[in-house]
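**Q** Let me begin by handing over the structure; questions about it come next.
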Amino acid sequence: QVQLVESGGGLVQPGGSLRLSCAASRSILSIFHMGWYRQAPGKQRELVARISIGGSTNYADSVKGRFTISRDNGKNIVYLEMNSLKPEDTAVYYCNLASGPPRPWGQGTQVTVSS
């Protein structure tokens, strides 16, 4: 069973940056499209960034131009670089497959954007 462990969250001021990491317990990045999701209090979980097996990327309109998803297949890690953060980016961030049945969700990493 694949385990996904997210890290890198924290408290940051508006306009700041964070880099999130998602480590997979075994090699899945080269055979699945991967995505970063977020869930804000009282809201449904949403997909904000996606990277295909071939390396193409897609972003939700709300983060386009500010977030960058990438991956290191050799290290089994997916990254999410977040710049120009806004208070509305505050959420718990998770990684998982971007299509098909998700693997068990990790604990996520909390991102709080506040002055």
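**Q** Can you tell me which of 70, 62 is open to solvent by less than 50 Å² (accessible area, probe 1.4 Å), in contact with a strand residue (DSSP E or B) (Cβ under 8 Å, 6 or more places away or on another chain) and either among the polar types (S, T, N, Q) or part of a strand (DSSP E or B) (or both)?
**A** From the options 70, 62, the qualifying one is 70.
**Q** May I ask you to list the residues in segment 74-84 that are modelled with pLDDT under 95 and open to solvent by 60 Å² or more (accessible area, probe 1.4 Å)?
**A** 74, 75
**Q** Which residue pairs have Cβ atoms under 8 Å apart, sit 6 or more places apart or on different chains, and have a first residue in segment 80-95 that is under 16 Å from residue 6 (Cα atoms) and outside any strand (DSSP E or B) and a second that is open to solvent by 30 Å² or more (accessible area, probe 1.4 Å) and not basic (Lys, Arg)?
**A** Close Cβ pairs (under 8 Å, with a partner that is open to solvent by 30 Å² or more (accessible area, probe 1.4 Å) and not basic (Lys, Arg)) amount to 90/112; 90/114.
**Q** On to the next question. Residues of segment 6-16 being in contact with a Phe, Trp or Tyr (Cβ under 8 Å, 6 or more places away or on another chain) and open to solvent by 20 Å² or more (accessible area, probe 1.4 Å), which ones?
**A** 9
**Q** Just for segment 17-56: of the residues that are of a type in the set (D, E, K, R) and in contact (Cβ under 8 Å) with a residue 60 or more places away in the chain, which one is most open to solvent (accessible area, probe 1.4 Å)?
**A** Here the answer is 19.
The values are calculated or read from the model by the stated rules, or taken from the named source; none is laboratory data. From a predicted model like this one, the values you see are computed outputs, not experimental measurements. Here the Cβ is made from the backbone with ideal geometry for all residues, glycine too, and neighbour counts use every protein chain on show. To get the accessible areas, we keep the full protein, side chains included, count just its heavy atoms, and leave off ligands, DNA and RNA. Shrake-Rupley method; radii C 1.70, N 1.55, O 1.52, S 1.80 Å.
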